[in-house]
Structure formats: C-alpha cells, structure tokens
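The values are calculated or read from the model by the stated rules, or taken from the named source; none is laboratory data. Just so we're clear, the structure is a prediction, and the values are computed from it rather than from any experiment. Quick reminder, even Gly has a Cβ in these numbers, built from the backbone with ideal geometry, and neighbours come from all protein chains shown. Note: accessible area is taken over every heavy atom of the protein model, side chains too, but ligands, DNA and RNA are not part of it. Shrake-Rupley method; radii C 1.70, N 1.55, O 1.52, S 1.80 Å.
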Amino acid sequence: MIYRSKAPLRIGLAGGGTDVSPYCDVYGGAILNASISLYAYASIEPLSTPVFNYEATDRGSSFSLALENNLPINGELDLAKGVYNKIVSLYGPVPSGFTLKTYVDAAAGSGLGSSSTLVVAMLGAFAEWMQIPLGEYDAAHLAYQIERVDLNMAGGKQDQYAATFGGFNFMEFGAQDKVIVNPLNIKPAYIAELESNLLLYYTATSRVSSQIIEKQRENIISKNTISIEATHQLKEQALLMKNALLNGKIDEIGALLDHGFQSKKQMAQGISNESIDELYECALKAGASGGKINGAGGGGFMMFYCPGTSKYAVENALKKYGGWSCSYQFTKQGLYTWQF
C-alpha cells in the first residue's frame, strides 16, 4: 500500500506580508489568496527495514537515515526531517521504515508558497498512513510550527492555510498565532473572468525569501514609518480586493494590484529591483492594467491583470526577458490524501 497526498500552491492576490510577525501581532493582518492547479505531492511506501529513505524527485536530492526519535537538522533537506520529527514527537513512532518521495510543480523560491505547501503535503501523507485525524486548521498550524518554530525559517502564515483549505480565502491574522480563514463564495463567472485575464509569468529567477522577510521584520521592529504605512496599505488592499471579487468588479483588480505592488516595494529593500521594474513597465505598455510579484519578492512568479484580450499582447511582449507564462486554473480543493 502506498499513502499519497497533494496540496495546491497559491497566488497571493492582496495583503501579502501582513501575515508576518511582528506586524500581524501588533496591528492584525489580512490577506486574500487563491489556490491554483500547481501542486506539491508526497507519497509514503512502508518498508520492512528500519530506515527513512527520502527522495526529493524534482530536485534530484535524497538521503537515507536509520529511524530515530529525533533526526538531526543540518541544512540538508530539513523540511522532510522536520515533518518526521514533529510527527514522532506528537504521535509516537512510525509503524515501520519507509520511503518518502516528494515532487513540487514549482521551484523553491518561486513565490507560490512551494516550501510551506510541501510541508503540508508531507504531513498529509503521514496522516493518511498513521490515520491521524487532522483538520484544515490542525494541519496548517502544524506546518507553520515546523517551518517557523522548529526549523526557525522566516516567513508568514498564509501559505500553510492556503494549502490546507484551497479555494479563494480572505484570511485574518492576529496575536498569538490567531488565524481566521474566511472562504469566499465567488460567482463562477467572476472567477472565470479573473482566470481569463490574469497572466502568471515566471521570471526564470528565484530568491531566498527569508532574507527579504527578515528585512521586513526589522523595519517593523524599528518602527520604520514608511514600511509600516506601506503594510497598512496592503491590508487595506486585501479588503478592497475582496469586495471587488464578491461584487464582480473584476476590471478594478488591475488598479488594485498596481497599488499593492507600489506599496509592497516600500516595505523592505530587495522586494523589487531594476529588472523587475523594467519587466513590469513593459507589461503595462503592452496592455496590462496592473500586476505584482508573488511571495516575498525579488524574483519568482509575477502576475499581471490584462483586460479584454490584452493577455496575448502582454505575453508576447515579455518573451524577450527570458521567462515564460504558466498555464493554471483556480481550484477549490485543498489538501487531499488517499491510499492505493
């Protein structure tokens, strides 16, 4: 028997960065995101020998370790070790040795929440194998603890909840890790129009999100007024985006994305750069009405709202920068597990 899971990646439509402590602890954060048809996959195959074999098949990396209660965290494929350590600490030893294989449809540093989604997928595979009853909030919170507490990786909270819940969600963040996920009931025609007009473009570069997020954190801690005001603007953008989607004012989204992108660039150094700004201006000249960079910034995926039929002109104009557009659909399903 093989125990499998998959969890969707997400695009952040508005409010990105307001889910990062200490901002959300002090002021409260708000984010609107949506899951898409790119996934992180995990599968567990039990073995008769007491070993933990791990294969990150998309990266061509692996390890093989004897089963222990606490595997060493040493900078090599630590996400898998962190998930295993958390499962064993909370639910006891695994039933047997096993091989864990994972694959992610987007590279690390892409800005689509790939690392957090991978953690959620691995947790799902263990839960399916060991029959652990994990709800959406439980799985997301565990994933957050593994990354942000156990492994001390800088970042926010939205990715884990987007991966477990799926769909369009307006998320609220408060002190003491309080998270409220509000699923949005958006009319199918509005979703179809957004999907038709929203171009997802990979810049062919990646970045280390933790470095940018640390700068963002430092600005909040030092009470940098420009950074704090910019983050306030992003939180307001999430509310405006929610209203636009629910009321079918889809063509307002380009301007909202542009406003958010200009605000986000003021949060911390490194979110944008000369190459990203040039690419962004090219998209606007070709017909896009706004856009943003996904995730912490610095590279990875960008998205552009292209009204009418301008999507094709924008896509063609961006070809000279060496990246490529990515096909996707919005999805409703979050973390899904099964055995076969």
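Quick look at the numbers
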item	result
Matching residues, the range 67-87, being touching a residue at least 60 places away in the same chain (Cβ under 8 Å), in a helix (DSSP H, G or I), of a type outside the set (Asp, Glu) and farther than 18 Å from residue 132 by Cα	79
Which listed residue is more than 23 Å from residue 194 (Cβ to Cβ), of a type in the set (Ser, Thr, Tyr), open to solvent by 10 Å² or more (accessible area, probe 1.4 Å) and in contact with a Lys or Arg (Cβ under 8 Å, 6 or more places away or on another chain), from 222, 272	272
Hits in the range 289-315 (condition: more than 20 Å from residue 20 (Cβ to Cβ) and open to solvent by 10 Å² or more (accessible area, probe 1.4 Å))	289, 307, 308, 309, 310, 311, 312, 313, 315
Unmet requirement for residue 159, which otherwise passes all of (1) closer than 21 Å to residue 291 by Cα; (2) open to solvent by 40 Å² or more (accessible area, probe 1.4 Å); (3) not polar (S, T, N, Q)	(2)
The range 14-41, subset farther than 24 Å from residue 291 by Cα and outside any helix (DSSP H, G or I), residue least open to solvent (accessible area, probe 1.4 Å)	40
For residue 97: the one exception among (1) within 26 Å of residue 136 (Cβ to Cβ); (2) touching a strand residue (DSSP E or B) at 6+ places or on another chain (Cβ under 8 Å)	(1)
Qualifying residue in the range 55-66 (condition: without any contact (Cβ under 8 Å) to a residue 40 or more places away in the chain, surrounded by fewer than 19 Cβ atoms within 10 Å (Cβ to Cβ) and either within 22 Å of residue 172 (Cβ to Cβ) or among the aliphatic types (A, V, I, L, M) (or both))	yes
